[in-house]
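*Asks:* For reference, the structure I am asking about is given below.
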Amino acid sequence: MTEGRADLKEAGIEEGISEVVVTTRSASGKPNAAPIGIITTVNEEQGEIKHFVKLYKGSQTLSNVLETNTLAANVTDDAVLFAKAAFEKLSRNYFTNFEGMPVLTEAQSWIVFTSVLIE
């Protein structure tokens with residue numbers, strides 16, 4: 001994977017629901033990974049593209065996003081990696097750092113988002 005700026009569609013995040021492995025970090029820097037669907041809506045009349053995720057109370061993902069206001073969407077077709085992220089705590093060797101944000105070493109692409117809380 002090459003680093004740089006790419007459009008979301010090229011990275012694998014399109015209109016509708018895109019299943020990704022979201023990576024976050026705690027305020028102390030501990031990485032976390034969880035499979036999540038990113039919902040993308042497009043309003044062509046207003047030229048708006050919006051991305052939403054539903055994070056559940058009590059989850060480490062929500063706790064980390066509330067602490068750091070960031071998450072990374074890691075696009076991968078590796079079903080084993082999805083399952084491990086769902087049912088296990090991934091060890092640090094699954095992650096690499098991008099500008100202080102943990103991303104999955106084996107992802108085909110990833111995009112770091114700044115979050116806005118919507119209740």
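The values are calculated or read from the model by the stated rules, or taken from the named source; none is laboratory data. Please read these numbers as outputs of a predicted model, since none were measured by experiment. Please note: Cβ atoms are built from the backbone with ideal geometry, for glycine as well, and neighbour counts cover all protein chains shown.
*Asks:* Test Thr41 against the stated conditions and say whether it is touching a strand residue (DSSP E or B) at 6+ places or on another chain (Cβ under 9 Å), outside any loop (DSSP other than H, G, I, E, B) and either of a type in the set (Gly, Ala, Ser) or over 17 Å from Val116 (Cα atoms) (or both). Write out each step before concluding.
*Replies:* Working: touching a strand residue (DSSP E or B) at 6+ places or on another chain (Cβ under 9 Å): yes; outside any loop (DSSP other than H, G, I, E, B): yes; either of a type in the set (Gly, Ala, Ser) or over 17 Å from Val116 (Cα atoms) (or both): no.
So Thr41 fails the test.
*Asks:* Return yes or no: is Lys30 surrounded by 12 or more Cβ atoms within 10 Å (Cβ to Cβ), over 22 Å from Leu117 (Cβ atoms) and among the basic types (Lys, Arg)? Talk me through it step by step, then tell me what you get.
*Replies:* On the way: surrounded by 12 or more Cβ atoms within 10 Å (Cβ to Cβ): yes; over 22 Å from Leu117 (Cβ atoms): no; among the basic types (Lys, Arg): yes.
No, not satisfied.
*Asks:* For the subset of region 39-63 comprising residues that are among the β-branched types (Val, Ile, Thr) and modelled with pLDDT under 95, which member is farthest from the chain's Cα centre (by Cα)? Working first, answer last.
*Replies:* Start the filter on region 39-63 by keeping residues that are among the β-branched types (Val, Ile, Thr), which leaves 39-42, 49, 53, 61.
Among the residues that remain, those that are also modelled with pLDDT under 95 are: 39-42, 49, 53.
Numbers: Ile39: 12, Thr40: 13, Thr41: 17, Val42: 19, Ile49: 17, Val53: 9 Å.
It comes out as Val42.
*Asks:* Can you say whether Leu81 is closer than 23 Å to Glu10 by Cβ and surrounded by 13 or more Cβ atoms within 10 Å (Cβ to Cβ), as far as the supplied structure shows?
*Replies:* Numbers: closer than 23 Å to Glu10 by Cβ: yes; surrounded by 13 or more Cβ atoms within 10 Å (Cβ to Cβ): yes.
So Leu81 passes the test.
*Asks:* With the structure loaded, tell me whether Thr41 is among the polar types (S, T, N, Q), surrounded by 14 or more Cβ atoms within 10 Å (Cβ to Cβ) and within 18 Å of Glu14 (Cα to Cα) or whether it fails that test.
*Replies:* Working: among the polar types (S, T, N, Q): yes; surrounded by 14 or more Cβ atoms within 10 Å (Cβ to Cβ): no; within 18 Å of Glu14 (Cα to Cα): yes.
No; evaluated as a whole, the condition is false for this residue.
*Asks:* Out of the residues in region 1-16 meeting the condition of being surrounded by 13 or more Cβ atoms within 10 Å (Cβ to Cβ) and closer than 15 Å to Phe52 by Cα, tell me which one is modelled with the lowest pLDDT.
*Replies:* Filtering region 1-16 for residues that are surrounded by 13 or more Cβ atoms within 10 Å (Cβ to Cβ) and closer than 15 Å to Phe52 by Cα, the one modelled with the lowest pLDDT comes out as Leu8.
*Asks:* For region 15-38, enumerate the residues that are touching a helix residue (DSSP H, G or I) at 6+ places or on another chain (Cβ under 8 Å), of a type in the set (S, T, N, Q) and part of a strand (DSSP E or B).
*Replies:* Step one: filter region 15-38 for residues touching a helix residue (DSSP H, G or I) at 6+ places or on another chain (Cβ under 8 Å), giving 19, 21-22, 24-27, 31-36.
Within this subset, residues satisfying the condition of being of a type in the set (S, T, N, Q) are 24, 26, 32.
Residues satisfying the conditions are Thr24, Asn32.
*Asks:* In addition: If a residue has to be in contact with a Lys or Arg (Cβ under 9 Å, 6 or more places away or on another chain) and closer than 14 Å to Pro35 by Cα to count, how many in region 79-106 make the cut?
*Replies:* 1
*Asks:* Among Leu90, Leu55, Leu117, which is of a type in the set (A, V, I, L, M) and out of contact with any strand residue (DSSP E or B) (no Cβ under 9 Å at 6 or more places or on another chain)? Spell out how you get there, then give the answer.
*Replies:* On the way: Leu90 fails: out of contact with any strand residue (DSSP E or B) (no Cβ under 9 Å at 6 or more places or on another chain); Leu55 fails: out of contact with any strand residue (DSSP E or B) (no Cβ under 9 Å at 6 or more places or on another chain).
The conditions single out Leu117.
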